[in-house]
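Below: the structure, in structure tokens.
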Amino acid sequence: MTLEAEVLRLKDEKDAVLLAHNYQRPEVQDLADFVGDSLYLSRKAMESDRSVIVFAGVRFMAETAKILNPTRTVLLPDLKAGCGLADAITAPQLRTWKAEHPGAVVVAYINTSAEVKAEADYCCTSSNAVKIVEQIPADREILFLPDMFLGDYVRQRTGRRMHLWVGDCPVHAKLSPPVLARARQAHPGAPLIAHPECGCATQALPHVDRVLSTDGMLRFAEETRAPEVLVATEVGILHRMHKLNPTTHFSPIDGGAICPYMKEIELEDVRDSLALGRYEIEVPADVASKARRALDRMVAA
Ligand code: 13P
Ligand code: SF4
């Protein structure tokens, strides 16, 4: 039996749904029941009636799925699938920051640990960060964490008074304004789409046509009639772009923009995860119940 057939058989046998993020390896995406961005996959995890959720993504995504589905088994196929951005702030650091700004509203990006989410008032993803911040009463001070580039972009779009945690994604931070400007010059006329985690997304705006979450980028890819599109995000997304629109050429701004955490998961790991029920993600009940309020607001927005 091929590896692919084994994964499909085990999915049925174990009553499992396989969720894959847009940055996963092509062969993992191709066997997933749902492929998408953080918000879409959180919603799909909630809608699923399967007893097991295998999350081909990174740890904070699997933790989020567990908090939203406390009665289901949530598996992360490789525990090394962390996130450099989520590591940029700990719960004690956030508590200290909150103490320095009493009364401020805390907005945590989904790329955070469950303990950090438990300290937050709202969670958001790149696709609804602006919408979430707009829900907060205008007179309230806001602490936004941990991505300063996404935060700065949201601050510019909303005009709100926001303090930003100084954290960034090691993959996207390198996609900076000079890198984007050079790509623009080398490919005149090709639209450039960028993820808001890119290095100084706000200063990069003159070089960018659209700032979009990964699912937003895929919608753009499907609809565009441009012969070439420049893509500023992790290269795993190109697989679905090519599938959705085979007539446009999608060029990465940097072919080396590879998230090492997302690539930890290989198809063999997914097979073993299903076969052996590993690695089960647990979130302590007190942390989960505090984080749930902020996550419910994210999923509803
Ligand atoms: P999306 O929410 O756009 O999928 O982004 C998640 C992420 O980790 C980007 O680096
Ligand atoms: Fe984390 Fe960056 Fe990888 Fe996204 S691309 S999972 S933010 S390290």
Study note, to complete from the structure: Taking segment 83-95 and keeping only residues that are within 16 Å of ligand 2 (Cβ to nearest atom) and either surrounded by fewer than 13 Cβ atoms within 10 Å (Cβ to Cβ) or part of a helix (DSSP H, G or I) (or both), one is left with A86, D87, A88
Study note, to complete from the structure: Checked segment 214-234 for anything buried (at least 19 other Cβ atoms within 10 Å of the Cβ) and under 19 Å from the mean Cα position of the chain (by Cα); matches are T214, D215, M217, L218, F220, A221, V231, A232, T233, E234
Study note, to complete from the structure: How many residues of segment 18-29 are outside any helix (DSSP H, G or I) and crowded, with 21+ Cβ neighbours inside 10 Å? The answer is 7
Check your understanding: In segment 101-113, which residue that is within 13 Å of ligand 2 (Cβ to nearest atom) and part of a loop (DSSP other than H, G, I, E, B) is surrounded by the most Cβ atoms within 10 Å (Cβ to Cβ)?
Key -> T112
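Listed here are the residues, each with its yes/no results for (1) among the hydrophobic types (A, V, I, L, M, F, W, C); (2) on the phi < 0 side of the Ramachandran plot.
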residue: R155; (1), (2): no, yes
residue: V166; (1), (2): yes, yes
residue: L175; (1), (2): yes, yes
residue: V179; (1), (2): yes, yes
residue: R182; (1), (2): no, yes
residue: P191; (1), (2): no, yes
residue: C200; (1), (2): yes, no
residue: G216; (1), (2): no, yes
residue: T224; (1), (2): no, yes
Study note, to complete from the structure: Within segment 30-50, the residues that are closer than 22 Å to S289 by Cβ, more than 13 Å from ligand 1 (Cβ to nearest atom) and either among the charged types (D, E, K, R) or in a loop (DSSP other than H, G, I, E, B) (or both) are E47, S48
Check your understanding: When you scan segment 114-197 for helices (runs of 4 or more DSSP H) that lie fully inside it, which ones turn up with 1 or more residues that are out of contact with any helix residue (DSSP H, G or I) (no Cβ under 9 Å at 6 or more places or on another chain) and among the polar types (S, T, N, Q)?
Key -> 177-186
Exercise for review: Specify the residue that is modelled with the lowest pLDDT; the eligible residues are those in segment 52-77 that are more than 16 Å from ligand 1 (Cβ to nearest atom) and more than 15 Å from V17 (Cα to Cα).
Suggested key: P70
Exercise for review: Working carefully through the options K80, K98, K66, find the one that is under 22 Å from R278 (Cα atoms), of a type in the set (K, R) and in a helix (DSSP H, G or I).
Suggested key: K66
Exercise for review: Report yes if D254 is assigned to a loop (DSSP other than H, G, I, E, B) and surrounded by 17 or more Cβ atoms within 10 Å (Cβ to Cβ), otherwise no.
Suggested key: yes
Exercise for review: Quickly run through segment 166-198 and pick out the residues that are of a type in the set (D, E, K, R) and within 11 Å of ligand 2 (Cβ to nearest atom).
Suggested key: D168, K174, E197
Exercise for review: Within segment 23-55, work out how many residues are closer than 15 Å to L3 by Cβ, within 16 Å of ligand 2 (Cβ to nearest atom) and not aliphatic (A, V, I, L, M).
Suggested key: 2
**Study point:** Considering residues of segment 108-127 that are in contact with a Leu (Cβ under 6 Å, 6 or more places away or on another chain) and of a type outside the set (G, A, S) only, the residue farthest from Q93 (Cα to Cα)
**Key:** T125
Review point. List the pairs whose first member sits in segment 185-196 and is touching a residue at least 40 places away in the same chain (Cβ under 8 Å), whose second member is polar (S, T, N, Q) and buried (at least 17 other Cβ atoms within 10 Å of the Cβ), and whose Cβ atoms are under 6 Å apart, counting only residues at least 6 apart or on separate chains?
Key: H195/T233; P196/S126
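Give A120, A138 a once-over and let me know the one that is surrounded by fewer than 24 Cβ atoms within 10 Å (Cβ to Cβ), farther than 19 Å from G216 by Cα and more than 16 Å from ligand 2 (Cβ to nearest atom).
A138
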Check your understanding: H195 versus (1) over 22 Å from the mean Cα position of the chain (by Cα); (2) surrounded by 19 or more Cβ atoms within 10 Å (Cβ to Cβ): which is the lone unmet condition?
Key -> (1)
Exercise for review: Would you mind telling me which numbered condition in (1) in contact with a Pro (Cβ under 8 Å, 6 or more places away or on another chain); (2) of a type outside the set (F, W, Y); (3) within 17 Å of F60 (Cβ to Cβ) M262 fails?
Suggested key: (1)
Revision key, fill the gap. V74: passes all of (1) in a loop (DSSP other than H, G, I, E, B); (2) closer than 26 Å to A32 by Cβ; (3) in contact with a Lys or Arg (Cβ under 8 Å, 6 or more places away or on another chain) but (1)
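The values are calculated or read from the model by the stated rules, or taken from the named source; none is laboratory data. A quick note: this is a predicted structure, and the numbers were derived from the prediction, not measured. Glycine also receives a Cβ, built like all others from the backbone with ideal geometry; neighbour counts cover every protein chain displayed.
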